[in-house]
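Peer 1: There's a structure below that I have some questions on.
The values are calculated or read from the model by the stated rules, or taken from the named source; none is laboratory data. Since we're looking at a predicted model, the values are computed, not measured. Note that each Cβ is placed from the backbone with ideal geometry, even for glycine, and that neighbours are counted across all protein chains shown. Just the protein is used for accessible areas: all its heavy atoms, side chains included, with ligands, DNA and RNA removed. Shrake-Rupley method; radii C 1.70, N 1.55, O 1.52, S 1.80 Å.
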Amino acid sequence: SNITELFFPVYEAVFKKSFDDKNKSKCIANFLEYCMMDEKLLYPSQILEILSLPYDKKNPELKTWGMREWFERVYNLIEEPSVNELGQSFHDANKLKRIKGFISEADEKNYANSSDRRLEFEILNVFKAVHKLCYGVPSVYFPVLHKDMISRSLSKSLISGEKILQAINQVLEIDYSAFHREINYSDESKGIVKETIMTQVFPEFIIVPTYGSRCVMWQELTSKKRNTPSRFFVPMFTVENFFLIMLRAVGNFRWELNKTLQGRFWSDITSPSMTSEYFDYLTYYRKNPNLSIEAKEKIRQQIIKYRKNIRDIFSSDYMNWIIFESRGIPRLNKVARSIFYRYCPFPRNIRDSLSRQPIYSDVSEKF
């Protein structure tokens with residue numbers, strides 16, 4: 001744990017020094033890009049593999065970055081820092097420090113465009129948290145790359161920009177509207193004052209240097225504006241089924257975005273939305289006449305398993321919806337199915353083939 005505390009300030013210092021000195025040494029690059037700190041912690045074969053990794057994080061169709069490249073963008077003031085664990089932006093966190101008397105008004109102004117402060121915020125508040133989350137097993141987490149965390153050859157478990165795009169396309173083949181959202185559009189030259197339109201906004205993907213088992217949907221918007229992308233953090237190496245860990249993150253994203261766009265009405269059933277209907281379904285499932293005794297028991301077990309975390313329960317149902325229900329294999333109860341059918345609809349070809357099955361004909365007619 002002492003090493004964990006020291007690791008991130010060291011990472012920040014090394015990054016800044018190498019950036020300012022334009023240091024191109026392979027040793028520094030391996031530390032910044034793979035968190036490889038001590039070659040004695042790895043087998044010689046693993047070191048050779050790292051040196052020969054054909055690493056392509058870029059993808060022309062998606063915004064994907066490696067961690068080092070991402071920090072360069074934050075340091076150069078191209079990107080806004082991510083929100084911290086409390087969901088506060090860099091500016092909100094500084095404002096709070098001023099209100100509490102930790103910094104002066106002049107400090108707050110100076111911090112706003114300070115490369116050093118932005119980088120420090122991104123590394124100590126965001127990188128430190130997502131590194132552990134992407135690793136996936138908090139009890140044995142260690143930030144430095146070492147042989148015991150590597151369970152399969154590095155080149156075979158590497159996640160590239162191409163693999164991220166494949167996983168996203170696989171999701172969109174079944175849930176085509178996953179990244180669509182309503183925004184207000186106006187164009188005075190064409191006499192359009194205010195129209196609500198659906199627009200597709202892809203997330204930004206940042207690849208975290210760890211051998212992990214989780215994708216993390218970190219923030220559903222990058223600013224207060226509705227048309228800004230979400231931010232996902234993805235482990236650089238994984239032995240997990242990458243499509244499945246990405247799918248869970250997309251489920252989390254769908255929930256959080258809907259909740260944010262609904263604002264304080266997210267759980268208010270009088271203003272129908274995906275979150276309010278799902279919240280109502282989970283809150284009052286015991287009294288719901290449309291659910292069998294078995295279905296109610298299953299929901300009870302689900303609530304225990306996910307420790308009453310509604311987003312996690314929703315994401316587990318979402319995964320069943322995409323993996324099984326899209327193929328006509330029932331995994332959800334009647335009530336959950338009708339919510340997903342309305343708010344996460346399948347494309348036409350899947351809907352048509354499902355409508356022939358009695359359990360779907362009801363919801364498909366309403367749809």
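Peer 1: Which residue is most open to solvent (accessible area, probe 1.4 Å), if the candidates are limited to the stretch 1-32 and must be among the charged types (D, E, K, R) and over 16 Å from Tyr75 (Cα atoms)?
Peer 2: Lys24
Peer 1: Then there's this: Just checking, which of Thr222, Thr238, Thr228 is modelled with pLDDT of 95 or more, surrounded by 15 or more Cβ atoms within 10 Å (Cβ to Cβ) and in contact with a Ser or Thr (Cβ under 9 Å, 6 or more places away or on another chain)?
Peer 2: Thr238
Peer 1: A further question follows. Among the candidates Gly87, Gly66, Gly101, which residue alone is open to solvent by less than 40 Å² (accessible area, probe 1.4 Å) and either modelled with pLDDT of 90 or more or touching a strand residue (DSSP E or B) at 6+ places or on another chain (Cβ under 7 Å) (or both)?
Peer 2: Gly66
Peer 1: Quick one: which strands (runs of 3 or more DSSP E) sit completely within the stretch 137-214 and have at least 1 residues that are more than 20 Å from Phe237 (Cα to Cα), modelled with pLDDT under 95 and under 22 Å from the mean Cα position of the chain (by Cα)?
Peer 2: 180-187, 192-200
Peer 1: In addition: For residues that are touching a Lys or Arg at 6+ places or on another chain (Cβ under 8 Å) and either within 25 Å of Thr4 (Cβ to Cβ) or of a type in the set (Asp, Glu) (or both), scanning just the stretch 33-55, find the one that is surrounded by the most Cβ atoms within 10 Å (Cβ to Cβ).
Peer 2: It comes out as Leu42.
Residue-by-condition table, conditions (1) open to solvent by less than 60 Å² (accessible area, probe 1.4 Å); (2) aromatic (Phe, Trp, Tyr):
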site: Gly328; (1), (2): yes, no
site: Arg331; (1), (2): no, no
site: Phe340; (1), (2): yes, yes
site: Asn349; (1), (2): no, no
site: Ser353; (1), (2): yes, no
site: Arg356; (1), (2): no, no
site: Ser361; (1), (2): yes, no
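Peer 1: Is it true that Phe233 is buried (at least 23 other Cβ atoms within 10 Å of the Cβ) and in contact with a Ser or Thr (Cβ under 6 Å, 6 or more places away or on another chain)?
Peer 2: no
Peer 1: Where residues in the stretch 167-199 are of a type outside the set (A, V, I, L, M) and in contact with a helix residue (DSSP H, G or I) (Cβ under 8 Å, 6 or more places away or on another chain), which of them is surrounded by the fewest Cβ atoms within 10 Å (Cβ to Cβ)?
Peer 2: Within the stretch 167-199, the match that is surrounded by the fewest Cβ atoms within 10 Å (Cβ to Cβ) is Glu182.
Peer 1: On to the next question. Mind checking which residues of the stretch 261-279 are in contact with a Ser or Thr (Cβ under 9 Å, 6 or more places away or on another chain), open to solvent by 50 Å² or more (accessible area, probe 1.4 Å) and either in contact (Cβ under 8 Å) with a residue 24 or more places away in the chain or not in a loop (DSSP other than H, G, I, E, B) (or both)?
Peer 2: Gln262, Phe265, Phe279
Peer 1: Sort through Ser338, Ser326 and tell me the only one that's more than 16 Å from Ser177 (Cα to Cα) and either charged (D, E, K, R) or assigned to a helix (DSSP H, G or I) (or both).
Peer 2: Ser338
Peer 1: Does the stretch 245-258 contain any residue that is open to solvent by 10 Å² or more (accessible area, probe 1.4 Å) and at positive phi?
Peer 2: No: the stretch 245-258 contains no residue that is open to solvent by 10 Å² or more (accessible area, probe 1.4 Å) and at positive phi.
Peer 1: Let me ask something else. Give the residue, chosen from Ser139, Ser153, that is exposed (fewer than 11 other Cβ atoms within 10 Å of the Cβ) and more than 30 Å from Asp352 (Cβ to Cβ).
Peer 2: After ruling out the rest, the residue left standing is Ser139.
Peer 1: How many residues does the stretch 341-356 hold that are without any contact (Cβ under 8 Å) to a residue 24 or more places away in the chain and not in a loop (DSSP other than H, G, I, E, B)?
Peer 2: 4
Peer 1: Which of the following residues is assigned to a helix (DSSP H, G or I), at pLDDT 95 or above, out of contact with any Cys (no Cβ under 9 Å at 6 or more places or on another chain) and aliphatic (A, V, I, L, M): Ile359, Ile313?
Peer 2: Answer to the check: Ile313.
Peer 1: Looking at Asn84, Asn76, Asn59, Asn23, can you tell me which residue is among the polar types (S, T, N, Q) and in contact with an Asp or Glu (Cβ under 8 Å, 6 or more places away or on another chain)?
Peer 2: Asn59
Peer 1: When the stretch 280-302 is examined, which residues are found to be of a type outside the set (D, E, K, R) and open to solvent by 60 Å² or more (accessible area, probe 1.4 Å)?
Peer 2: Thr283, Tyr284, Pro289, Asn290, Ile293, Gln301
Peer 1: What pairs come out if I take residues in the stretch 85-101 that are more than 19 Å from Lys224 (Cβ to Cβ) and pair them with residues that are assigned to a loop (DSSP other than H, G, I, E, B) and at pLDDT 95 or above whose C-beta lies under 7 Å away, six or more apart or interchain?
Peer 2: Note: no pairs meet the criteria.
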